[in-house]
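The values are calculated or read from the model by the stated rules, or taken from the named source; none is laboratory data. A quick note: this is a predicted structure, and the numbers were derived from the prediction, not measured. With ideal geometry, Cβ positions are generated from the backbone for all residues, glycine too; neighbour counts draw on all protein chains shown. Ligands, DNA and RNA are excluded from the accessible area calculation, which covers all protein heavy atoms including side chains. Shrake-Rupley method; radii C 1.70, N 1.55, O 1.52, S 1.80 Å.
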Amino acid sequence: MRYILALIAGGLFGAGLLISGMTDTTKVQGWLDIFGDWDPTLAFVMGGAIIPMAIAWQLTRTRTPLVGGSFPTPADPKLGRNLIVGSIMFGMGWGLVGLCPGPTIASIGFGGWANLSFIAAMVVGMALAPRFGRALDARLDAG
């Protein structure tokens, strides 16, 4: 049952990304180009995601998941070096390519070689990030 619900949720998420245009790199880059030919339509997509999620977090405080386990705790709201560096790197990648991980996975079937190369780079980056983070922490803590 858990896997069936995960498949349904993932399918709905992917369909929402496709319908909203989040898998269209030119649309995403147009959203990020605030000083050029700005396309504000993705603001509605983000609002359509943030508002229901905020409500869902409030509703889950006193409930348990349908398929067992527990809901994850909200992230620590403190700003730190890891959050700032990670946000900058994520934003730079998103701005340069026009895709982030969710839409990339959703567009895997029609993305072509550019999409596949982005996925390969994303996997390599995810594999190297912990090692890079430990090395950066050690260097900053030592000096």
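The listed peptides 72-79, 46-53, ordered by packing as a protection proxy, come out as 46-53, 72-79 (highest mean of other Cβ atoms within 10 Å first). Only Cα sites of region 1-121 enter the Debye sum here, all with the same form factor; the resulting log10 I(q)/I(0) across q = 0.12 1/Å is -0.60, listed in q order. Here region 97-140 exposes an accessible surface that is 75 percent carbon and sulfur, computed with a 1.4 Å probe and the other protein chains kept in place.
In this view, the solvent-accessible surface of ILE108, computed with a 1.4 Å probe and all protein chains in place, comes to about 90 Å². Using a Gaussian network model of the chain in which every pair of alpha carbons under 10 angstrom is joined by a spring, one finds that among GLY102, GLY69, GLY80 the greatest mean-square fluctuation is at GLY69. The tail of the calculated P(r) for region 5-62 beyond 19 Å holds 44 percent of all Cα-Cα pairs. Loop-located chymotrypsin sites (Phe, Trp or Tyr not before Pro) across region 1-93 with a Cβ neighbour count of 16 or fewer within 10 Å are PHE35, TRP38, with loop assigned by DSSP. Across the accessible surface of region 27-76, with the other protein chains kept in place and a 1.4 Å probe, carbon and sulfur atoms take up 68 percent. Accessible area of SER70 (1.4 Å probe, protein heavy atoms only, ligands and nucleic acids ignored): about 100 Å².
The residues of the chain present an accessible area of 75 Å² per residue when probed at 1.4 Å with all protein chains retained. Projecting the Cα atoms of LEU66, SER107, ALA138 onto the charge dipole of region 64-143, computed from C-beta unit charges around the Cα centre, puts ALA138 farthest toward the positive end. Enumerate the residues in region 65-79 having an amide nitrogen under 19 Å from the point lying 7 Å beyond the Cα of ALA9 toward its Cβ. Within reach of a label on ALA9: 65-76.
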